[in-house]
């Protein structure tokens, strides 16, 4: 595992570091917006007092803190593997390039000693999972590792109440920033409550520290609702998701291909509005994640 010099120095000095995934670059949006977004997210982390560590796998080597040239290559390069827990042995052994999902980034971030990880939205229980058993590995890794994930909730294409049930089973503490209900990715309110609400980054940092100090295993999930300026109405986005889900079923798209297909179709059917919201919310998550990392390092 290669850790960039700036990230390594920050970790040794106990300075705040924020982990960032690479799937959003290679599988989340088209070039060059993917690279522009990745760099904007890193900038937001820097501006709020923390060190960004974008994580990916290059020629079979996990990299903690990719440089700008490597991020650019991730944005342009075709055929980069989408890496979850199960894919690590194949990608590492065959010296492939791999974009880390939430679950893979959680694993590598913890190995590097990074507590706070920022993403757009986590994976979860897919709609119709009672028939397909399609449940993201993200939930299992959140339950296993000492990590705090800042997101805009779970991706809106998922079954939110079932996702929250699995998180509860896995022992994941779910917090929300200033709102009583779990965020719904493109929309602010899923209608389902969280375990606790915090008003400041310091409050969140205290909860994280309490869990670690008491020796409780597992992660914390922070829901950061998208700003009202760019959030999309639930009724509007639900119609689009329903159409995209129908298309996925007709085309018999399954497994790891479901999420990228649905996100792409939602972006197309919304005329790009969902993509704009996705970019805005992940940058906003980076700001909050950096502030929490700073507060935690001060504690």
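Tell me yes or no: at least one residue of region 166-189 is assigned to a helix (DSSP H, G or I) and either at pLDDT below 95 or within 27 Å of residue 41 (Cα to Cα) (or both).
Yes, region 166-189 contains a residue that is assigned to a helix (DSSP H, G or I) and either at pLDDT below 95 or within 27 Å of residue 41 (Cα to Cα) (or both).
Which residues, counting only those in region 252-279, are in contact (Cβ under 8 Å) with a residue 60 or more places away in the chain and in a loop (DSSP other than H, G, I, E, B)? Selection gives 254 alone. Name the one entry in 171, 215, 191 that is touching a helix residue (DSSP H, G or I) at 6+ places or on another chain (Cβ under 6 Å) and surrounded by fewer than 16 Cβ atoms within 10 Å (Cβ to Cβ). Unique residue meeting the criteria: 171.
Flag not set for residue 227, criterion: over 30 Å from residue 144 (Cα atoms), under 18 Å from the mean Cα position of the chain (by Cα) and either surrounded by 15 or more Cβ atoms within 10 Å (Cβ to Cβ) or touching a residue at least 60 places away in the same chain (Cβ under 8 Å) (or both).
None of 139, 96 is in contact with a helix residue (DSSP H, G or I) (Cβ under 9 Å, 6 or more places away or on another chain) and in a loop (DSSP other than H, G, I, E, B) except 96.
Tell me the residue from 238, 249 that is assigned to a helix (DSSP H, G or I) and farther than 17 Å from residue 188 by Cα, please. None of the others qualify; the one that does is 249. Scanning region 59-71 for residues that are touching a helix residue (DSSP H, G or I) at 6+ places or on another chain (Cβ under 7 Å) and over 20 Å from residue 18 (Cβ atoms) yields a single hit, 60. Being under 13 Å from residue 159 (Cβ atoms) and part of a loop (DSSP other than H, G, I, E, B) is the filter here, so list the residues in region 107-134 that pass it. Matches in region 107-134: 123, 124, 127, 128, 133, 134.
If you check 104, 40, 53, which single one turns out to be assigned to a helix (DSSP H, G or I), buried (at least 24 other Cβ atoms within 10 Å of the Cβ) and modelled with pLDDT of 95 or more? Going through 104, 40, 53 in turn, just one is assigned to a helix (DSSP H, G or I), buried (at least 24 other Cβ atoms within 10 Å of the Cβ) and modelled with pLDDT of 95 or more: 104.
Of the residues making up region 280-299, not a single one is surrounded by fewer than 14 Cβ atoms within 10 Å (Cβ to Cβ), in a loop (DSSP other than H, G, I, E, B) and at pLDDT below 90.
The values are calculated or read from the model by the stated rules, or taken from the named source; none is laboratory data. Given the structure is predicted, the values throughout are model-derived calculations rather than measurements. Ideal geometry is used to build each Cβ from the backbone, glycine not excepted, and the neighbour counts take in all protein chains shown.
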